[in-house]
Amino acid sequence: MNNDRHLANITLIGFMGTGKTSVGRLVADQLRFEYLDTDEIIQSGTGRSITDIFETDGEPTFRLLEQQVVKDLAGRKQTVIATGGGLPVNPENLVSLKAHSLVVCLWSSPEKIWERVRHQSHRPLLHDGHPQAKIRELLAAREPFYKQADVLLNTDLRSLREVAQQVVHQFRLEAAGRR
Ligand code: S3P
């Protein structure tokens, strides 16, 4: 990793249902960092749900809002940032986040993702006649973007607590290497 980077924050990227929110909260508690979630910032800023934005204005509008949130995060310190699953597909977002964060990708198999999201209804991209096929298709298309993270953690065989522990460990290692 480029040693000039200043790692003030941790950003979690990864597909829907990989545990970014739960892991992010655990990591923030452990490090006494603030916790932020890009979807929550969009929802509180617009006063609308993600589903409503997708259905009324379309995905491109949502992606613009997402990009603006990423830009606004630039001055942050001691923050764990959980991101929406499609956010790293815009290369500008990853460049911007890497300028101040250790970027960690939580990775899961499509089967595990399906197990975790099948009883949830708040994700418009999975309001599809064939959600399992949609997961496979989107995950394959996004894999090259997710793999640009600094750290890739497979969450299939680890508990949320173990994943959080790994994130903290990697952050401490990287931050110590830069002092
Ligand atoms: C999306 C993931 C969602 C949310 C929106 C789009 C995606 O966030 O940003 O529904 O494109 O994968 P989570 O990954 O937190 O579910």
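Quick note: the coordinates plus some simple rules give every number you see, no bench work behind them. Remember, it's a predicted structure, so these values are computed and weren't measured experimentally. Positions of Cβ are generated from backbone atoms using ideal geometry, with glycine treated the same way; all protein chains shown enter the neighbour counts.
Hey, what do the phi angles of segment 56-65 turn into as Karplus ³J(HN,Hα) couplings, whole Hz, using 6.51/-1.76/1.60 and θ = phi - 60°, x for Gly and Pro?
Along segment 56-65, the couplings run 8, 9, x, 4, x, 5, 4, 5, 5, 4 Hz.
Across 5 Å bins from 0, what is the distribution of all Cα-Cα pair distances for the chain, in whole percents?
Taking every Cα pair in the chain, the percentages come to 1, 8, 18, 21, 22, 16, 9, 3, 1, 0, 0.
What are the ³J(HN,Hα) values, in whole Hz, obtained from phi via the Karplus relation 6.51 cos²θ - 1.76 cosθ + 1.60 with θ = phi - 60°, for each residue of segment 27-44 in sequence order, with x given for Gly and Pro?
Couplings: 5, 4, 4, 5, 8, 6, 9, 7, 10, 10, 9, 4, 5, 5, 5, 5, 5, 6 Hz.
Rg/Rh for segment 103-179: what does it come to with C-alpha atoms and Rh from Kirkwood?
1.06
Could you check what % of the DSSP bridge pairs in the chain are antiparallel, to the nearest 5?
0 percent
Which angle between 0 and 90 degrees, to the nearest 10, do you get for helix 131-146 versus the longest principal axis of the chain when only C-alpha atoms count?
Approximately 30 degrees, to the nearest 10.
I want to verify the translational diffusion coefficient of segment 68-143 in µm²/s; compute it with Stokes-Einstein, Rh as the Kirkwood radius over Cα pairs, at 25 °C and 0.890 mPa s.
My calculation gives 173 µm²/s for D.
Give me the one-decimal nm value for the distance between modelled label points at A141 and R158, 7 Å along each residue's Cα-to-Cβ direction.
Distance between label points: 2.8 nm.
What dipole magnitude, in Debye to the nearest 20, does segment 112-179 give about its Cα centre under +1 on Lys/Arg Cβ and -1 on Asp/Glu Cβ?
Computed about the Cα centre, the dipole is about 180 debye.
Whole angstrom only: what separates the Cα centroid of segment 27-87 from the Cα centroid of segment 143-179?
After rounding, the separation between the Cα centres reads 20 Å.
What size of dipole, in debye to the nearest 20, comes out for the chain about its Cα centre when the only charges are +1 on Lys and Arg C-beta atoms and -1 on Asp and Glu C-beta atoms?
My answer is approximately 620 debye.
Around Y35, which amide H atoms from residues at least 5 apart in sequence, or from another chain, sit under 5 Å from its own amide H, with H modelled in the peptide plane?
Excluding prolines and chain starts, which carry no amide H, the hits are V80.
May I ask which residue of H127, G45, T56 lies farthest towards the positive end of the charge dipole of the chain, with charges of +1 (Lys, Arg) and -1 (Asp, Glu) on Cβ and the Cα centre as origin?
G45
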